[in-house]
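**Q** This is the structure I have questions about; it appears just below.
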Amino acid sequence: MEKVCFELENIELTYLDKNVLEIERLAVHQFDRIGVVGKNGAGKSTLLKLLAGIVQPSRGRVNCHVKFGYFDQLTSPVESEIDHELKGKLSIPENGIESFSGGEQTRLKLAQVFSDYHEGLLIDEPTTHLDTEGTQFFIDELTYYYGALVLVSHDRYVLDQLVTKIWEVEEGTITEYTGNYSDYAVQKELETRQQQEQHERFLKEKSRLTKAADEKMKKADKITQASGRIKDTKAMTNKMFMTKSKGTSQKSVQRAAKALERRVEQLEEVEAPKEEQIIRFHQSQALQLHNKFPIMADRLNLKAGNKTLLEEASFQFPLGKTIAITGKNGSGKTTLLRHILKYGEGVTISPKAIIGSYEQMDYQFNKDETVLACMKDKSDYEENKIRSAIYSMRFKGNDLKKNVRNLSGGEAIRLVLCQLFLGRYNVLVLDEPTNFLDIYCIEALERFLKGYEGTVLLVSHDRTFVDRVADHIYVVEDQKLVLKN
């Protein structure tokens with residue numbers, strides 16, 4: 001029997017009188033490989049902190065029976081002994097930690113975790129700052145890991161490669177699914193279909209019972225009308241008997257109708273599943289471009305200090321397509337985007353291009369206005385289209401009345417992305433737009449891109465995202481920009 005590494009029993013965790021997590025029992029066994037998914041703020045990181053003993057539950061107990069390693073994307077790395085081979089594989093610089101980039105800090109922390117063997121690993125969003133090569137190293141290190149793994153990640157490719165079980169965190173509860181992320185997605189789709197079928201059966205039965213009740217009531221009304229039309233002499237003789245008979249019959253029909261109405265009320269309502277439709281972002285006549293290639297470069301040379309990033313690179317990015325640029329960290333992807341945004345030397349951009357850009361940064365709003373008012377001010381779309389788009393990015397109900405200056409970092413990022421797709425632009429330039437988004441918002445962004453009529457240039461290390469949205473994929477390698485497909 002497999003050893004139990006972590007146990008959670010009768011857990012209740014509250015914050016400001018709100019239930020964050022409620023778990024009757026949950027266990028992590030010796031060879032479990034668990035992927036934790038859920039919306040931002042659902043409690044994924046909190047769950048890992050509970051397992052690690054960093055956060056204490058309001059009620060219940062957490063038992064840890066193994067030595068474990070813990071990785072958190074937010075904590076800074078500390079000086080410690082690191083396996084030299086790992087340090088080389090991850091290209092970790094020798095200079096001081098204080099000057100490390102986000103990607104270098106992530107690689108250092110991973111090297112520290114992997115330098116010792118642990119019976120259990122609790123890892124929270126390890127690939128946010130990693131390039132494709134770093135992500136593959138992470139996958140390779142854990143492919144044959146002999147221990148319990150609990151992994152929080154928004155990278156669907158990583159989850160598909162590494163986990164055999166999914167824990168979905170939603171509204172404070174955890175639902176377990178067997179398989180990797182793709183298996184989980186298939187099961188969720190099946191659940192949606194089943195819910196739709198149950199909803200249709202509910203509507204059909206409700207309609208049948210309501211119709212039958214209406215017919216009974218009409219019959220009762222006819223009996224009442226008939227009793228008032230008895231006028232001939234013979235009928236008058238038996239009037240008292242007939243009236244009593246008809247009254248009894250009328251009440252019987254009415255009782256049957258009431259019984260049917262009660263059955264309608266007792267039906268267990270099944271709501272229709274929420275359908276995620278592709279939103280079409282149509283270009284107005286004023287924004288339409290006619291250049292076949294709105295962004296071009298001829299023998300472009302690009303440097304960062306003394307380092308050559310691109311040497312005599314030539315490209316033509318086609319109209320209305322989504323172009324993805326990939327490559328290692330430091331290869332020049334972001335520098336190229338910024339050069340294009342500055343209309344730099346060697347780049348030719350259509351004079352009618354109106355470019356909207358997203359960069360990796362902390363977004364803050366300076367004007368006091370609600371989420372909905374902010375969107376309406378920056379868009380020519382009708383309000384129902386605006387509401388649909390921001391709903392896809394999980395702004396719903398009272399969220400629309402929030403002051404934009406009080407939004408969290410994640411909410412601000414989601415709103416900025418909505419502004420770009422709903423805004424007055426015909427070219428979008430997006431640098432790592434999926435960082436800090438949960439899987440559900442990444443999938444919403446994919447639907448945005450599929451419904452967008454303009455030209456999109458993006459940089460991303462999320463290979464599942466790139467495979468799903470890109471019409472053309474370029475890679476920066478050996479100071480060249482090479483078209484892969």
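The values are calculated or read from the model by the stated rules, or taken from the named source; none is laboratory data. All values reported here derive from a predicted model rather than from experimental measurement. We place every Cβ from the backbone using ideal geometry, glycine too, and count neighbours over all the protein chains shown.
**Q** Do we find that residue 413 is touching a residue at least 40 places away in the same chain (Cβ under 8 Å) and within 21 Å of residue 281 (Cβ to Cβ) in this structure?
**A** So residue 413 fits the description; yes.
**Q** Restricting to the stretch 439-477, count the residues that are in a helix (DSSP H, G or I) and either out of contact with any Phe, Trp or Tyr (no Cβ under 7 Å at 6 or more places or on another chain) or surrounded by 23 or more Cβ atoms within 10 Å (Cβ to Cβ) (or both).
**A** Of the residues in that region, 15 qualify.
**Q** Does the stretch 349-357 contain at least one residue that is within 24 Å of the chain's Cα centre (by Cα) and modelled with pLDDT of 90 or more?
**A** yes
**Q** On to the next question. Going through the stretch 32-51 one residue at a time, which ones are in contact with a Ser or Thr (Cβ under 9 Å, 6 or more places away or on another chain) and assigned to a loop (DSSP other than H, G, I, E, B)?
**A** Across the stretch 32-51, the qualifying residues are 32, 40, 41.
**Q** Only one residue in 11, 54, 92 is touching a residue at least 24 places away in the same chain (Cβ under 8 Å) and either of a type in the set (D, E, K, R) or not in a helix (DSSP H, G or I) (or both). Which one?
**A** Going through 11, 54, 92 in turn, just one is touching a residue at least 24 places away in the same chain (Cβ under 8 Å) and either of a type in the set (D, E, K, R) or not in a helix (DSSP H, G or I) (or both): 11.
**Q** Scan the stretch 316-352 residue by residue and report those that are in a helix (DSSP H, G or I) and free of Cβ contacts under 8 Å to residues at least 60 places away in the same chain.
**A** Result: 335, 338, 339.
**Q** Here is a list of conditions, (1) surrounded by 10 or more Cβ atoms within 10 Å (Cβ to Cβ); (2) in the same structural domain as residue 457 (by TED's automatic domain parsing), and residue 262 meets all of them except one; can you say which number that is?
**A** So the condition that residue 262 fails would be (2).
**Q** If you don't mind, another one. Let me spell it out: the conditions are (1) buried (at least 16 other Cβ atoms within 10 Å of the Cβ); (2) of a type in the set (A, V, I, L, M, F, W, C); (3) more than 32 Å from the chain's Cα centre (by Cα); (4) closer than 22 Å to residue 421 by Cβ, and residue 296 meets all of them except one. Which number is the exception?
**A** Of everything listed in (1) buried (at least 16 other Cβ atoms within 10 Å of the Cβ); (2) of a type in the set (A, V, I, L, M, F, W, C); (3) more than 32 Å from the chain's Cα centre (by Cα); (4) closer than 22 Å to residue 421 by Cβ, residue 296 misses just condition (4).
**Q** If a residue has to be surrounded by fewer than 16 Cβ atoms within 10 Å (Cβ to Cβ) and closer than 21 Å to residue 435 by Cβ to count, how many in the stretch 339-358 make the cut?
**A** Final tally of qualifying residues: 0.
**Q** Of the conditions (1) in a loop (DSSP other than H, G, I, E, B); (2) surrounded by 14 or more Cβ atoms within 10 Å (Cβ to Cβ); (3) aromatic (Phe, Trp, Tyr), residue 391 fails just one. Which one is it?
**A** (1)
**Q** So which pairs qualify, if the first residue must be in the stretch 271-292 and assigned by TED's automatic domain parsing to the domain that holds residue 423 and more than 11 Å from residue 425 (Cα to Cα), the second must be at pLDDT 80 or above and of a type in the set (Lys, Arg), the Cβ gap must be under 9 Å, and the two must be at least 6 apart or on different chains?
**A** 290/352; 291/352
**Q** Further question on the same structure: Which members of the stretch 59-83 meet the condition of being in a loop (DSSP other than H, G, I, E, B), surrounded by 13 or more Cβ atoms within 10 Å (Cβ to Cβ) and at pLDDT 90 or above?
**A** 65, 66
**Q** Within the stretch 435-464, how many residues turn out to be in contact (Cβ under 8 Å) with a residue 60 or more places away in the chain, closer than 22 Å to residue 295 by Cβ and within 13 Å of the chain's Cα centre (by Cα)?
**A** 1
**Q** Further, regarding this structure: Which number in (1) closer than 14 Å to residue 415 by Cα; (2) surrounded by 16 or more Cβ atoms within 10 Å (Cβ to Cβ) marks the one condition that residue 396 misses?
**A** For residue 396, the exception is condition (2).
**Q** Please go through the stretch 360-401 and pick out each residue that is in contact (Cβ under 8 Å) with a residue 60 or more places away in the chain and under 19 Å from the mean Cα position of the chain (by Cα).
**A** 360, 388, 389, 392, 394
**Q** Conditions first: (1) modelled with pLDDT under 75; (2) among the β-branched types (Val, Ile, Thr); (3) under 30 Å from residue 349 (Cβ atoms). Residue 279 passes all but one, so which condition is the exception?
**A** The single condition residue 279 does not satisfy is (1).
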